[in-house]
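Undergrad: Handing you a structure now.
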């Protein structure tokens, strides 16, 4: 249907044009009847009008025409169709259920594939995820070395073995595991999960007077820097079987060590004991900056730090709290050949040099 | 169970009242007396009309969806649109070893033949059933005159199938429309059908058509057929359209369908088979000796509506592949009528973890022989998992583990509110609990929720004022008298921590060192002891239990004798959370009726009747 020269892009009500909801009382009855008993005609017409009202059978009959029309049927009936072709998952799961139901056939045909895994998360959770094959990281003789700092792992009979899939997503495993196993997961495979935490950490580096409300009822004042910025940060860390007991071992304040589990780092947040000091007199909570936010640290304090360490450390954190990390060849102040590691955010930046 | 859509009010009085209210709200009828006889009669007629049409509309609406359809024909039709083949009645089959002894016969042949359709009789529960071969088998002289028949693969296990062979003949007419040939028999096992299409009614030239599901490629000349259940419960034989979906029989052709009419499950469990006739060799009849290799199994009625409703969507999701655990389950239940129920889980969910493996637990009907179980498992692997699963996945089978629940129900009972006696109500409650398990549990993944059962008990009779249930879970060990042994029991839930008054672990009684004893945990401790009925500790350490792991490890245990008729000992534990018992993997929750009870306490609500 065209309108003003353009194709109509809204819902096309004309697809099914039959209208059975029409009272024929006046046409069916003989003329003399209509003349002699006008009230009866009105009465009957009122009756048919009542039938066509909501929740009466006239309305149901009209619905029958479109009851299996994905576009027109009520969500209540669409739910029944989900029961037929979508293993009973509720239409309410989807942002666009009428579109989702059309794709289940294709989805089931490719179950177990990367396509189906990605499709599952897009359809059910509106999220893009990353699929990792841990078998690619298995140590093979003559290839690589073992260790956290290295790429390769020994087969561990769990995540790091042949029959294993690792899903890196922004959603906790508990939220999607059951659905995933029903719809996608190849039975017999290890299911591993990592959570990508994306947030808006208020990395406000403020003046002593600036006030940031990170949590309700807590007034925070940062005292360790003087430039106010607000940035988006990202950190990637393992979740499944992550030893939560590791958390206390890492003080969260030093960046001279490789962070064994960035998630734990985040879980501890900014308010854990030892990270803050409370000034009761001024009703202020002061948060210590984690120096990884700052590149002002003195590299000389870390004589063991190598370029490889820094590369490894920042390899998956090219951006942290808005600071973009980069390394390039450079000449330092003494004009010696060096590697420059810089961290920048807008016009705020710093760099350290590793002389070659 | 199916749910239904109820979109309009289907109560006549409500319909009439609604109509009346609607008309009253119209200004034209404001002064009408709708209760007067004339108008009242008209309203009755209109309300009846509305009622009937409302019912019809609701029927149509409900039949439009697989989850809500009530008619078998509708459910079958919906399933077919999902590509699901509804299972017809299936014949029972057995494996037998067949031999003919021609020792001493001069000039005996090197090979003899057992014709297709050779019949055997088996008596099951006093009723004779006829079994028959569906292929021709050959046997060679072993040098001593003994001929043992073998399959083409060399196996001596010859399959025989129960059923009466029937034939239906059709003449293809001139109709332009696609013709459907109805086989007027609802006892057909469609998997046994042979379809021959003759050139003419009198011709001996024929073409054998193959089942559509077995066709590799299909074009206009493919001689394929399909059989589907018709709306009236009979079966329709369908051919191609002659264009792209297989050959269409020509006018004047004769279609002959031969099939087995099956007795279904009645012919299961036959373990003795007798050849109905002698095999003629050289003009002389010789006895065909029969030894049963595997009893008759697999006979089943046609698939139930609820089974179709449950499995068709899963089969659609599986897309003829075995990827997820649900795919395995649907495929097994759809194709193996010998299996009551099954559960499948990934190796990464197994204990111990086993990657690259898929675990299948089959629940067979009581009395199924081990040979039958083994045969079904072998067929599952050979016919399905080896072909349809993810490459390199291994299928492993495990048996169900029964976890018995001991439920001691106590309820307050006011006799003044009931026509039943206290004892009668106790029996009624106990029977209700038993039926509750039969209906809701006794199968895989069925969760026991105490509050649900209590709600239903409270609703049984207004005289039941309140109720509670003490829950214990029980596994059983089968020690050998006089033999020291270890037992590791794994419960599907956490066990209550040690208590200073209540034993978290206790066993049924047995004889040990000449005394009647039980295994119990030491109070306030996880250590297990053997204690006599007077409370004396006869063995201080016979293992331990791990509350958080739900494990009971009995170490170095022996007994002098069992007490009672059972040759096992019940090990009962108090669940950490008795409100919910969730069976995982191969666990099935059942009720131990011998350890369960229902006890009432009189609680009179009428103060005048209270005894002071």
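Coordinate-derived values only; no laboratory data. Small disclaimer: the values here were computed from a predicted structure and weren't measured. Note that each Cβ is placed from the backbone with ideal geometry, even for glycine, and that neighbours are counted across all protein chains shown.
Undergrad: If you bin every alpha carbon distance in segment A:25-113 into 10 Å steps from zero, what whole percent lands in each bin?
TA: 15, 29, 19, 13, 13, 8, 2, 0
Undergrad: Got a sec? How would A:194, B:544 order by Cβ neighbour count within 10 Å, fewest to most?
TA: By the 10 Å Cβ count, ascending: B:544, A:194.
Undergrad: Once the mean 1/r over all distinct Cα pairs of segment B:57-206 is inverted, what Kirkwood radius in angstroms do you read off?
TA: 20.1
Undergrad: Further, regarding this structure: Evaluate the distance, in nm, between pseudo-label points positioned 7 Å from the Cα of residue B:218 and of residue B:97 along their respective Cα→Cβ axes.
TA: 4.4
Undergrad: Using alpha carbons only, what's the Rg to Rh ratio of segment B:157-289 with Rh from Kirkwood?
TA: 1.06
Undergrad: Could you put B:460, B:66, B:46 in order, starting from the residue whose Cβ has the fewest other Cβ atoms within 10 Å?
TA: The most exposed by this proxy come first: B:460, B:46, B:66.
Undergrad: Would you mind getting me the FRET efficiency between residue B:434 and residue B:410? Use the beta-carbon distance for r and R0 = 25 Å, nearest 0.05.
TA: Result of the calculation: an efficiency of 0.90.
Undergrad: Let me ask something additional. How long is segment B:462-537 along each principal axis, judged by its Cα atoms, biggest number first, in Å?
TA: Principal-axis extents of the Cα atoms in segment B:462-537, largest first: 53, 29, 26 Å.
Undergrad: Another question, then. Hey, rough spin-label estimate for residue A:128 and residue B:527, points 7 angstrom out along Cα→Cβ, what's it come to in nanometres?
TA: Those two pseudo-labels are separated by 6.2 nm.
Undergrad: From the square roots a ≥ b ≥ c of the eigenvalues of the alpha-carbon gyration tensor of segment A:78-145, which class results: rounded (a/c under 1.5), prolate (a/b over b/c), or oblate?
TA: prolate
Undergrad: Once you have the Kirkwood Rh of segment B:382-453 from its Cα pairs, apply Stokes-Einstein at 25 °C and 0.890 mPa s and quote D in µm²/s.
TA: Estimated via Stokes-Einstein, D reaches 149 µm²/s.
Undergrad: Shifting gears a bit: Kindly give Rg over Rh for segment B:326-400, based on alpha-carbon atoms, with the Kirkwood expression for the hydrodynamic radius.
TA: In segment B:326-400, Rg relative to Rh is 0.94.
Undergrad: Quantify how much of the Cα-Cα distance distribution of segment B:403-489 extends past 16 Å, in percent.
TA: 60
Undergrad: For an R0 of 22 angstrom, estimate the FRET efficiency from the Cβ-Cβ distance between residue B:113 and residue B:256 and round to the nearest 0.05.
TA: After rounding, the FRET efficiency stands at 0.40.
Undergrad: Work out, in µm²/s and without decimals, the Stokes-Einstein translational diffusion coefficient of segment B:140-213 at 25 °C, 0.890 mPa s, Rh from Kirkwood over C-alpha pairs.
TA: Once the numbers are plugged in, D ends up at 148 µm²/s.
Undergrad: Let me ask you something else. Taking Cα centroids, how far is segment A:48-116 from segment B:328-400 in Å?
TA: That distance is 34 Å.
Undergrad: Could you state the principal axis extents of the C-alpha atoms in chain B, from the largest down, to the nearest angstrom?
TA: Taking max minus min along each principal axis of the Cα atoms, chain B gives 98, 96, 48 Å.
Undergrad: Given segment B:236-319, report the % of alpha carbon pairs whose separation exceeds 18 Å.
TA: 74
Undergrad: Averaging the inverse of every distinct alpha carbon separation and then flipping it gives the Kirkwood radius. What is it for segment B:430-585, in angstrom units?
TA: 17.0
Undergrad: Another one. Ignoring everything except DSSP H segments at least 4 long, calculate the 222 nm mean residue ellipticity for chain B; use -39,500 (n - 2.57) per segment, divide by total residues, nearest 500.
TA: Helices in chain B give a 222 nm mean residue ellipticity of -6000 deg cm²/dmol.
Undergrad: What ranking do A:159, B:538 get, fewest neighbouring Cβ atoms within 10 angstrom at the top?
TA: B:538, A:159
Undergrad: Oh, and also: Grab the eigenvalues of the alpha-carbon gyration tensor for segment B:532-612, scale each by 5, take roots, and send me the semi-axes largest first in whole angstrom.
TA: Here the semi-axes work out to 36, 21, 16 Å.
Undergrad: Turning to a different aspect of this structure: Please give the FRET efficiency for residue B:555 paired with residue B:576, using the beta carbon to beta carbon distance and R0 = 25 Å, rounded to the nearest 0.05.
TA: Efficiency at R0 = 25 Å is approximately 0.65.
Undergrad: Then there's this: Spin-label point model (7 Å from Cα, Cβ direction): what's the residue B:81 to residue B:383 distance in nm?
TA: 2.9
Undergrad: Then there's this: Give the dimensionless ratio obtained when the Cα radius of gyration of segment A:21-180 is divided by 2.2 N^0.38 Å.
TA: 1.95
Undergrad: Separate question: Using Cα pairs under 8 angstrom and six or more residues apart, how large is the relative contact order of chain B, in percent?
TA: Value for chain B: 12 percent.
Undergrad: Once each part is reduced to its C-alpha centroid, what is the distance from segment B:247-319 to segment B:40-54 in angstrom?
TA: Here the answer is 53 Å between Cα centres.
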